[in-house]
Amino acid sequence: MGGGPLVPRTLPEPSVESFDLTVILSALADPGRRAILKAMYQAGGPIDCATLVEKAGLSNPAFSHHCRVLREAGLTRTVAEGRRRVVRVRLGDVEGRFPGLLGAVLGAAERGSSAG
C-alpha cells in the first residue's frame, strides 16, 4: 500500500570551497548549457526540469546530460522528488566564490546573440 510522502533529496554537487573555475568555464563554454542556465536564472527560483525541457527543445537524454554537467560544475542545485526534478541556479554560491562571473557570462551570451 502506499508509501509515505516523498522525501526530497539533493543530488550530489561540489561544495563552494571545491569550485574549480576551469570546470565552471568548461561547463559554460557550451551554448546549449548557457541557454539552459539563463532560462533557470530568468525563472528567478526553483523550476521543474520538465518545464525547462520544453523550453530547451532538446531530447530528455541531451537535457539530462547538460543539467548534470551544470550541477557537477557547481552552477546548479537539483532536488529529486520521486521522478520529478527541481533545479535552480546556485547564484549566491557562485557569486560568493567568483563575483560577477555569471552576470558577465550570461550578459555576454545575451549580447552575443543580438550582435550581428
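The values are calculated or read from the model by the stated rules, or taken from the named source; none is laboratory data. Worth saying up front: this structure is predicted, and the values here are computed from it rather than measured. FYI the Cβ positions are ideal-geometry reconstructions off the backbone, even for glycines, and counts take in every protein chain you see. Only protein heavy atoms, including side chains, enter the accessible area calculation; ligands, DNA and RNA are left aside. Shrake-Rupley method; radii C 1.70, N 1.55, O 1.52, S 1.80 Å.
Cβ-Cβ distances below 7 Å connect the following pairs, each with a first residue in the stretch 85-98 that is within 17 Å of Arg68 (Cα to Cα), a second residue that is of a type in the set (Ser, Thr, Tyr) and in a helix (DSSP H, G or I), and a separation of six or more residues or different chains: Val89/Tyr41. The number of residues in the stretch 7-20 that are open to solvent by less than 70 Å² (accessible area, probe 1.4 Å) and assigned to a helix (DSSP H, G or I) comes to 2. Within the stretch 40-59, residues that are over 8 Å from Val87 (Cβ atoms) reach partners that are surrounded by 15 or more Cβ atoms within 10 Å (Cβ to Cβ) and aromatic (Phe, Trp, Tyr) with beta carbons closer than 7 Å, at six or more positions or on different chains, in the pairs Val53/Phe63; Ala56/Phe63. Please determine whether any residue of the stretch 41-57 is open to solvent by less than 40 Å² (accessible area, probe 1.4 Å) and in contact with a His (Cβ under 7 Å, 6 or more places away or on another chain). No, the stretch 41-57 contains no residue that is open to solvent by less than 40 Å² (accessible area, probe 1.4 Å) and in contact with a His (Cβ under 7 Å, 6 or more places away or on another chain). Number of residues in the stretch 33-65 that are at pLDDT 90 or above and assigned to a loop (DSSP other than H, G, I, E, B) equals 1. Of the residues Gly92, Gly103, Gly4, the single one that is in a loop (DSSP other than H, G, I, E, B), at pLDDT below 95 and open to solvent by 30 Å² or more (accessible area, probe 1.4 Å) is Gly4.
Scanning the stretch 21-40 for residues that are crowded, with 19+ Cβ neighbours inside 10 Å and touching a Phe, Trp or Tyr at 6+ places or on another chain (Cβ under 8 Å) yields a total of 2.
Candidates Val79, Val87: the one that is surrounded by fewer than 16 Cβ atoms within 10 Å (Cβ to Cβ) and in a strand (DSSP E or B) is Val79. Figure legend. Inter-residue proximity from the stretch 15-34: first residues touching a residue at least 40 places away in the same chain (Cβ under 8 Å), second residues surrounded by 16 or more Cβ atoms within 10 Å (Cβ to Cβ) and of a type outside the set (A, V, I, L, M, F, W, C), beta-carbon distance below 7 Å, spacing 6+ or different chains. Indicated pairs: Val16/Asp93; Val16/Arg97; Phe19/Gly74; Phe19/Arg97; Ile24/Gly74; Ala27/Arg33; Leu28/Arg34.
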